[in-house]
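Undergrad: Sharing a structure, written as structure tokens. Questions coming.
The numbers here are math on the coordinates, done by the rules we state, and not lab data. Just so we're clear, the structure is a prediction, and the values are computed from it rather than from any experiment. Cβ placement follows ideal geometry from the backbone for every residue including glycine, while neighbour counts extend to all protein chains displayed.
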Amino acid sequence: MAVRQFKLLCVDDDLICLEQLRLALTPIKGDFDIRYAATPAEALGMHEKTPADIVISDLKMADTDGISLIAQMREIDDDAVYMLLSGQADLDAALSAVNDVHVFRFLIKPAETQTLEIALNAAITELNLRKLRMISFASHNAVERLTAGIAFLNENRHVIYANGSAKRILETSGLFEIGAERILRSTNPKTTYEFQDFLEKVRANSDAGDARSVFRFERADDPNFVFASASFHPPDGLNDAYYSLVLSNPARISASPEIIASALNILPSEARVVHALSNGGGLEEAARKTGISISSARTYLKNVFSKTGVSRQSELVQLVTLIAA
């Protein structure tokens, strides 16, 4: 994996100070593309042409001050990390820099190599955190927009996250109970025990590389039911172990056989069998619904497995659920 190169722009209208800064930066290890500007106008032009990731600017310059320069640079790129250098410990200027243009660091001239290295490492950490937050925010929004229900459970079946669709299924299907402790239970005690056993099997099978399976929540007195496709995720050093669930109410699956055929690149006859399977029941029922023999349904299903790379009906249900999302 290639190491990211960070673009660093240094600004000072005092050429001696600019050279001192260059000499102080030279010993610092890291992949930096460093540019130097002797005037605020030159720096602004460089930043406009190729925005820097990190900017170190002198505070007091002849044409303008560093705070005004950073304010203009932020209009070009608000995501960069900006730092100021000053020849004196000017507390008022430091407060203004932090409050007005959100300067990341305020350094005293002449800045030594160690001071600059600490500041640059902190800036890189901040840039990486911003990127992670952006990815996390985008991923969260994408998951929230899915019509498929996505939920995460810890090892004790506590719901630690549910997107909007999952919340609606859990709250309105009449098949679930979630108390103040946030434990996922069925309204049928027997089903709750069966679900607990199901999760244990999913966890056990994950060691053999077979971490996904499907559970059906239902009640004898209610034709409504919900599929829960589950995966187990072991601890990775940063996160505790957890289960991810894709919840789907087959009665609300909107992907038609035509959409399924296009999305999975399968034949219309095969897509009709997949559609029937995704709406509940086994292969025999799917064959009956589509008006074909059970042997033909098995052949179609085998073809679909080969074309999609899945090997079980449960995985097909998960695929169709996500297509519908």
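Undergrad: How far apart, in nanometres, would the label points at Asn265 and Thr113 be if each is projected 7 angstrom from Cα along the Cα-to-Cβ direction?
TA: 5.5 nm
Undergrad: Sticking with this structure for a sec: I'd like the Karplus ³J(HN,Hα) series for the stretch 293-304: coefficients 6.51, -1.76, 1.60, θ = phi - 60°, whole numbers in Hz, and an x wherever there's a Gly or Pro.
TA: Karplus values, whole Hz, x for Gly and Pro: 6, 5, 5, 5, 4, 5, 5, 4, 5, 4, 5, 5.
Undergrad: Once both labels are modelled 7 Å past Cα along the beta-carbon direction, what's the Lys302-His158 spacing in nm?
TA: 4.8 nm
Undergrad: Give me Tyr36, Tyr161 ranked fewest to most by other Cβ atoms within 10 Å of their Cβ, as a rough exposure proxy.
TA: If I rank by nearby Cβ atoms, fewest first, I get Tyr161, Tyr36.
Undergrad: Would you mind checking the pairs Lys7/Lys29; Lys201/Lys307; Lys167/Lys190; Lys29/Lys49 and listing those with alpha carbons more than 18 angstrom apart?
TA: From Lys7/Lys29; Lys201/Lys307; Lys167/Lys190; Lys29/Lys49, over 18 Å: Lys201/Lys307; Lys167/Lys190; Lys29/Lys49.
Undergrad: Here's a follow-up. How large is the dipole of the stretch 146-252 about the Cα centre if only Lys and Arg carry +1 and Asp and Glu carry -1, each at its Cβ, rounded to the nearest 20 debye?
TA: Dipole size: approximately 300 debye.
Undergrad: Tell me which residues come under 5 Å, amide H to amide H, from Thr187 once H is placed; ignore anything under 5 positions away on its chain.
TA: Phe176, Glu177
Undergrad: Excluding residues fewer than 8 places away in the same chain, name every one of the lysines whose C-alpha is closer than 16 Å to that of Lys60.
TA: Lys109
Undergrad: Using alpha carbons only, how many angstrom separate the centre of the stretch 146-200 from the centre of the stretch 217-243?
TA: 7 Å
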